[in-house]
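Below is one structure, written out as structure tokens, with a few remarks after it.
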Amino acid sequence: MASAMASIVALKDVHQQLKSRFEKTVEDFRANLLSTRTGRASVHMLDQVKVDYYGTDTPIAQVAQVTTPEAQLILVQPWEISLVTAIEKAIRTSGQGFNPSHDGRIIRVPIPAMTEERRKEAVKHLAGVLEGHKTSMRNIRREGNEQVKKAAKDKLISADDEKRANEEIQQLTDGEIKRLDDLFKAKEKELMTV
């Protein structure tokens with residue numbers, strides 16, 4: 001679909017900003033989905049876990065090598081041996097139900113099979129995350145509509161252009177929310193498959 005907003009000089013920047021912000025919101029949601037625990041081990045499961053690294057909360061991937069040698073195991077090998085216990089503690093207290101152990105150099109994080117209750121809990125959590133991202137999308141839409149309204153008020157665009165731009169913003173928003181829903185449904189299916 002050709003963009004009416006992109007062809008109007010006064011709205012070109014608004015259109016680019018909307019698309020960029022929508023894309024960032026979708027990518028953030030995708031990152032949340034990747035870090036959600038399923039029955040299989042994934043290095044992304046530890047993306048949200050932060051470790052105290054010289055007074056700064058730092059993602060584990062920035063202070064250690066994270067690998068999945070087996071379907072039910074994550075290995076974390078810190079670049080500094082002194083971080084082993086801090087990383088183990090961060091993983092244990094992350095609220096994801098992991099029970100890591102270490103041999104002084106490498107942290108092993110076994111991924112237990114998910115119970116039905118844990119699967120439903122994960123889906124419920126993701127539904128909340130989805131709703132938060134949909135709210136962000138609606139806020140982006142509202143801000144875009146306000147910019148279009150201001151352009152019309154300043155006589156930079158006609159009333160017809162304003163109407164077309166608002167309709168296009170709504171179509172863009174609907175399309176992006178559908179992308180979020182599709183991502184959620186795929187993850188929900190993955191989570192609920194035993």
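Just a few scattered comments:
- Portion, in percent, of the accessible area of the stretch 39-194 that falls on carbon or sulfur, probe 1.4 Å: 51 percent
- Cross-link pairs exceeding 22 Å in C-alpha to C-alpha distance, out of K150/K178; K12/K149; K19/K189, comprise K150/K178; K19/K189.
- The chain - mean residue ellipticity at 222 nm from DSSP helices (-39,500 (n - 2.57) per run, n ≥ 4, rounded to 500): -20000 deg cm²/dmol
- Counting only protein heavy atoms and a 1.4 Å probe, the chain has 58 square angstrom of accessible area per residue.
- Enclosed volume per residue, in Å³, of the convex hull spanned by Cα atoms of the chain: 143 Å³
- Rounded to the nearest 20 debye, dipole of the stretch 144-194 from Cβ charges on Lys, Arg, Asp, Glu: 80 debye
The values are calculated or read from the model by the stated rules, or taken from the named source; none is laboratory data. Everything numeric in this text was worked out from a predicted model, so none of it was measured. Here the Cβ is made from the backbone with ideal geometry for all residues, glycine too, and neighbour counts use every protein chain on show. Heads up: the accessible areas ignore ligands, DNA and RNA and are worked out on the full protein's heavy atoms, side chains in. Shrake-Rupley method; radii C 1.70, N 1.55, O 1.52, S 1.80 Å.
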